[in-house]
Every structure is written in C-alpha cells, then in structure tokens.
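The values are calculated or read from the model by the stated rules, or taken from the named source; none is laboratory data. Nothing here was measured: the structure is a model prediction, and the numbers come from that model. For neighbour counting, all protein chains shown are included, and Cβ atoms are generated from backbone atoms with ideal geometry for every residue, glycine included.
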Amino acid sequence: MSRVALSRLSLGCAPLGNLYRPTSDADARGAVEAAWDAGVRYFDTAPHYGLGLSERRLGAALRDRPRDAFAVSTKVGRRLEPVADGERPDTEGYAVAPTHRRVWDFTRDGVLRSLESSLERLGLDRVDVLFAHDPDDHYTEVLDGAYPALEELRAQGVVRSIGAGMNQAGMLADFVRHTDMDLLMLAGRYTLLEQGALDDLLPLCERRGVRIVAAGVFNSGLLARDVPPDDAHYDYAAAPGELVARARRIAAVCGRHGVTLPAAALAFPLAHPAVASVCVGARSAAQVERNAALFAARIPAGLWAELRAEGLLREDAPAPA
C-alpha cells in the first residue's frame, strides 16, 4: 500500500464541529478554503467532533476539489447513536444540539458502522487514514476488535493507512510494537514543553517506519501566544503556574531571536524524522492565515541552541534546519 501524502501543515477540524462555541457554516468553509490556499492538503476530523458536524462541514467544503489532491483522516471508537428529543445536551465540549450520543465501540462491527456513517457525512467514497480514537481505556478491545477490522479495510483498499490517535505516547508505542499501524496522531506530547516521546515512541517509530502526526503543539493554548497569560490553559484545564513560568522563559528566548513562541512551537516537532505533519485546528480563515504565517516564519538555529543551554529543550531533541 502506497503511503498517504501528507502536507507538512494540516488542518485539525474539531473547531468545525463547534468546539467550545458555535462556528458558522461560512466561517467553517472559509477555514477550509484558506487552508487550501495556504497549501494544506491533509485534513483531520472525527465523528466525535460536534456529533458529526465537523465531518459534514469538511465534506461540503472539499466537495468541488479533485479527490486525489487531498487526504482526509477520520476516526473510529465513538459510534454515534440517535437520541430522542429532550435528552440532555452535549456534555463533551461541543456547542451542538443533542441529536446523538457517543457510544464507545471498538468492535469490528462498530468500526465498520462508524466508517460507513462517516463516509456518508463526508460525502466521500473513501478516507485515506482511519484512526482508533482515544483508546486509552480500551487497549484490549482495540487489539481484539478494532485493529483486525482496520487491517482488513486496509487490505481491501477501503482505506490506505491505519493507526491510532491519542494524548499519550506510551500506548501508541505499544501499538507500534504489537501491530502494523502506518500512522499515529500524537496530541500534546511532543512539543516545546514536552519531549517525553523521545524516550520510546519516536525512536521506535523511526526504526519501524511509522509516521507521526503531531497535534496539540500549542498544548491547549499555553504556547499559542507570544507571551503566555496567567489564565492560559494546558491539557484542556488551567495551566499550572510552573508550566506558565517555563513557557514564558521559552518565549523570552524566542523574543531574543526575533521569533514568536507560537512560530517556534509549530516548527519544532517537524525536525524529528518520524513526524510527517503538524496538525493545527482553526475555525475561521483568519485563524488559518495566522497559523500559515507562523508556520512560514524563518527561525534561526541559535534559538534551539540557547533553549538547550538554558535547560528548556532536551539535548537529544532534533532541531529544525
């Protein structure tokens, strides 16, 4: 199976599903169009994102694009079931009507049903990558049910690459050891603030030819501004004071080299040979354009050397050229 071509900068489409607050259809389409204009050709979504809203909006925005010109990943593990009117609203961070509920399901049947529904929402006849989504508490179920189904779909050519996406490196390393996954999405665990994935996952992926999509590179917003504010978030919660202080130290070094903290945060993960793409979410054209400009920034090599000298970056972390 040929490798899926991934643009180095990719669009994370959770905000298109009304993550935290509503996003208009026009803004969602504008985000995808601006990403396309910036050279983005890889788009990541999931049924979880807005109870299918993200998939519907992404599919609509890509409908007139040549299908072989872009790659789409979606996910399995949270199957959507319709609910009756009047049930409680969505409680997982999305500003959407409670038309469905999420059901954890990593069975073979669950994978096939989830993919079929995703293709219908996307309006596509295939997706390029299919991830097991947040399997933290479902490792055995993935190995016994979801993974064999993913492998079967890949063998049939229904999808081209398979993998898992989550917020921890340890279980992803176990998947690399015990399966034949092609691509992994690692969220928030290989960033300017955290390089623990160098201990195990990234070297293992490099040896075995497994590629990584680095998501959450701003660590839930802590690295998203030039100077991290007191009320910054980290891992979807209020950032601990010591991490805010560390991020500010990194920002100060960036400033001395004429670079912004978010520009350095975007550039850093791609220096590792296992990392194929940096996936950044956006809900409007303006946000995409900002991210694309940050991504294009030139960063002097001296920045990485000073971060190491200050003890703010691991010595074994590859630095961008």
Going through region 149-166 in order, the residues found to be surrounded by fewer than 20 Cβ atoms within 10 Å (Cβ to Cβ) and of a type in the set (Val, Ile, Thr) are 158
Determine whether region 193-201 contains at least one residue that is small (Gly, Ala, Ser) and surrounded by fewer than 23 Cβ atoms within 10 Å (Cβ to Cβ). yes
Which of (1) closer than 25 Å to residue 184 by Cβ; (2) surrounded by 20 or more Cβ atoms within 10 Å (Cβ to Cβ) does residue 221 not meet, given it meets every other one? (2)
Condition first: within 24 Å of residue 269 (Cα to Cα) and of a type in the set (Ser, Thr, Tyr). Now tell me which residues in region 6-40 satisfy that. 7, 10
For residue 78, the lone unmet condition from (1) more than 20 Å from the chain's Cα centre (by Cα); (2) at pLDDT 95 or above is (1)
Could you tell me which residue of region 4-26 is surrounded by the most Cβ atoms within 10 Å (Cβ to Cβ), considering only residues that are of a type outside the set (Gly, Ala, Ser), in a loop (DSSP other than H, G, I, E, B) and out of contact with any strand residue (DSSP E or B) (no Cβ under 7 Å at 6 or more places or on another chain)? 23
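When you check residue 309 against the structure, is it surrounded by fewer than 20 Cβ atoms within 10 Å (Cβ to Cβ) and more than 16 Å from residue 191 (Cα to Cα), yes or no? Outline the logic, then answer.
Working: surrounded by fewer than 20 Cβ atoms within 10 Å (Cβ to Cβ): yes; more than 16 Å from residue 191 (Cα to Cα): yes.
Taking the combined requirement at face value, the residue satisfies it.
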Those strands (runs of 3 or more DSSP E) completely within region 27-123 that have 3 or more residues that are touching a Gly at 6+ places or on another chain (Cβ under 9 Å) are 71-76, 100-104
Enumeration of residues in region 94-114 that are touching a helix residue (DSSP H, G or I) at 6+ places or on another chain (Cβ under 7 Å) and either within 15 Å of residue 54 (Cα to Cα) or of a type in the set (Gly, Ala, Ser) (or both): 94, 96
Residue count for region 297-321, restricted to those that are small (Gly, Ala, Ser), under 16 Å from residue 263 (Cα atoms) and modelled with pLDDT of 95 or more: 2
Scan (1) modelled with pLDDT of 95 or more; (2) out of contact with any Cys (no Cβ under 7 Å at 6 or more places or on another chain); (3) not polar (S, T, N, Q) for the single condition residue 274 breaks and write down its number. (2)
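I'm trying to understand the selection: among the residues of region 78-87, which are more than 30 Å from residue 38 (Cβ to Cβ) and either surrounded by 13 or more Cβ atoms within 10 Å (Cβ to Cβ) or touching a residue at least 60 places away in the same chain (Cβ under 8 Å) (or both)?
The answer is 79, 80, 83.
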Do you know which residues across region 88-146 are over 20 Å from residue 44 (Cα atoms) and surrounded by 22 or more Cβ atoms within 10 Å (Cβ to Cβ)? 142
